[in-house]
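The values are calculated or read from the model by the stated rules, or taken from the named source; none is laboratory data. None of the values given here were measured: they were computed from a predicted structure. Cβ placement follows ideal geometry from the backbone for every residue including glycine, while neighbour counts extend to all protein chains displayed. What goes into the accessible areas is simple: the full protein's heavy atoms, side chains included, and nothing from ligands, DNA or RNA. Shrake-Rupley method; radii C 1.70, N 1.55, O 1.52, S 1.80 Å.
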Amino acid sequence: MTRMIVVSDYDSRWPERFEDLRQLLAPHVADLAVSIEHVGSTAVPGCAAKPIIDLDIVVSEEAVIPELISRLTGQGYRHEGDLGIPGREAFQAPPAVPAHHLYGVVAGSKPHLDHVLLRDYLRQRPDAVRRYSGLKVALAQRFPADSEGRAAYSAAKSALVEELVAKSYAARAASES
């Protein structure tokens, strides 16, 4: 039997898991970070998600990124580059730490805004959360949990993600005018 991608209903413990990870990271990056943000679907109450916490370490400027990479690799993280998203540095967690996705981003950059604006947009729109959750659950049942399946899952939800990100930018622009 093929193992399928796991997408879970929202778990009220996810914010606590984020906080545990934030506390683990903060001593090593506090002087570099503007903030450590809980992003991704686990940061949205009511949203179905793969049960893996996504975190952004937000720094003030691009010049800080090499030092961030150095410190995180010194803590056992493996730097994975931008994984095709310029302006976002990805890291694989060390084996002894609970699984999570960690990114380094510059405050106000497109990758940073994409993450926080989408999160905040979804937090305010239960209808969009239901639509997004429904799609993720359906797709998780279609694709195996191997690298090809995960890539196909991501590609299949990308149109909706792009639509929601565009709406999140529009909502921000409307609130600022």
Only one of ASP20, ASP11, ASP31 is modelled with pLDDT of 95 or more, in a loop (DSSP other than H, G, I, E, B) and out of contact with any helix residue (DSSP H, G or I) (no Cβ under 9 Å at 6 or more places or on another chain); which?
ASP31
Identify, by number, the condition in (1) more than 19 Å from ILE5 (Cβ to Cβ); (2) open to solvent by less than 30 Å² (accessible area, probe 1.4 Å); (3) at pLDDT below 95 that ALA145 doesn't meet.
(1)
Does ALA26 fit the bill of being at pLDDT 95 or above and crowded, with 16+ Cβ neighbours inside 10 Å?
no
Quick one: PRO98 ticks every box in (1) open to solvent by less than 60 Å² (accessible area, probe 1.4 Å); (2) in contact with a strand residue (DSSP E or B) (Cβ under 9 Å, 6 or more places away or on another chain); (3) farther than 18 Å from ASP9 by Cβ bar one, so which box is it?
(1)
Only one of these conditions is not met by ALA90: (1) in contact with a strand residue (DSSP E or B) (Cβ under 7 Å, 6 or more places away or on another chain); (2) closer than 24 Å to ALA140 by Cα; (3) open to solvent by 30 Å² or more (accessible area, probe 1.4 Å); (4) of a type outside the set (Ser, Thr, Tyr). Which number is it?
(3)
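Here's the yes/no breakdown for (1) part of a loop (DSSP other than H, G, I, E, B); (2) within 15 Å of the chain's Cα centre (by Cα); (3) not basic (Lys, Arg):
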| site | (1), (2), (3) |
| --- | --- |
| LEU102 | no, yes, yes |
| LEU113 | no, yes, yes |
| ARG119 | no, yes, no |
| ALA151 | no, no, yes |
| LEU160 | no, no, yes |
| ALA171 | no, no, yes |
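Which is touching a residue at least 60 places away in the same chain (Cβ under 8 Å), at positive phi, of a type outside the set (A, V, I, L, M) and open to solvent by 40 Å² or more (accessible area, probe 1.4 Å), of GLY46, GLY84, GLY108?
Values: GLY84 fails: touching a residue at least 60 places away in the same chain (Cβ under 8 Å); GLY108 fails: touching a residue at least 60 places away in the same chain (Cβ under 8 Å).
Just one listed residue meets the conditions, GLY46.
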